[in-house]
Amino acid sequence: PFEVVVNLTNSNTGSGVWNFGDGSPLQQGLNASHVYSQAGTYTVSFNYSDDIGCNTQTVLAKHIVVWELPTADFSAPLEVLISNPEVKFTNLSTVLENNKYNWNFGSFGVSSEINPTKKFDKVGRYPVTLQALTVNGCKDGITRTIEVKNDFNVYIPGAFTPNYDGI
């Protein structure tokens with residue numbers, strides 16, 4: 001959400017109606033605030049009436065531009081075995097190609113790749129944070145925990161041959 005506050009500073013009398021250009025209800029008064037909830041470019045207009053019956057309409061010289069927020073998201077196995085500690089992270093963020101990405105793997109380093117691979121060579125629980133940043137400076141982040149567990153692979157044969165003759 002993006003909030004805009006407008007104030008008519010040259011007059012303390014009269015009345016006005018603000019149109020914020022996004023289909024929301026008109027707002028009465030010389031001062032108003034409005035929250036834009038969707039990305040887009042909006043034209044704001046103001047209809048003014050003074051105390052002696054003169055009316056005028058004006059449009060703000062600059063449009064209101066609301067940039068799209070990224071949504072940071074990624075997938076990875078939540079449980080990793082120490083025998084295979086390499087994890088491929090899949091970036092599921094929206095507006096994927098237009099963002100910059102900053103991954104933080106704690107003591108295992110950082111990355112700016114879109115879909116990095118990281119090796120966790122110690123047993124434990126590790127927070128992984130992804131931050132998505134648009135060219136306009138809008139950002140979002142998400143943190144998930146990766147758990148690296150021991151695995152105990154023990155091979156127990158169903159049969160054996162003591163003299164190695166295969167019988």
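The values are calculated or read from the model by the stated rules, or taken from the named source; none is laboratory data. Everything numeric in this text was worked out from a predicted model, so none of it was measured. Using ideal geometry, Cβ is built from the backbone for each residue, glycine included, and neighbour counts are taken over all protein chains shown. These area figures cover heavy atoms from the full protein model, side chains too; ligands, DNA and RNA do not enter into them. Shrake-Rupley method; radii C 1.70, N 1.55, O 1.52, S 1.80 Å.
Summary of values
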{"quantity": "Extended-chain gain in nm, criterion 0.36 nm per residue less alpha-carbon gap, Leu133 and Ser24", "calculated": "36.3 nm"}
{"quantity": "Largest-first ordering by accessible area, 1.4 Å probe, given options Lys118, Lys149, Lys139", "calculated": "Lys139, Lys149, Lys118"}
{"quantity": "Solvent-free Debye scattering, log10 I(q)/I(0), computed from the Cα coordinates of the chain at q = 0.09, 0.18, 0.19 Å⁻¹", "calculated": "-0.57, -1.04, -1.11"}
{"quantity": "In the chain, lysine pairs closer than 15 Å at Cα, eight or more apart or cross-chain", "calculated": "5"}
{"quantity": "Accessible surface of Asp22 - all protein chains present, 1.4 Å probe, nearest 10 Å²", "calculated": "60 Å²"}
{"quantity": "Using a Förster distance of 41 Å, the FRET efficiency for Ser37-Lys149 (Cβ separation, nearest 0.05)", "calculated": "0.45"}
{"quantity": "Probe 1.4 Å, accessible area per residue of the chain, Å²", "calculated": "67 Å²"}
{"quantity": "FRET efficiency, Ser107 to Asp73 (Cβ-Cβ, R0 25 Å, nearest 0.05)", "calculated": "0.60"}
{"quantity": "Where Cys54, Cys138 fall by accessible area, highest first, once all protein chains stay in place (1.4 Å)", "calculated": "Cys54, Cys138"}
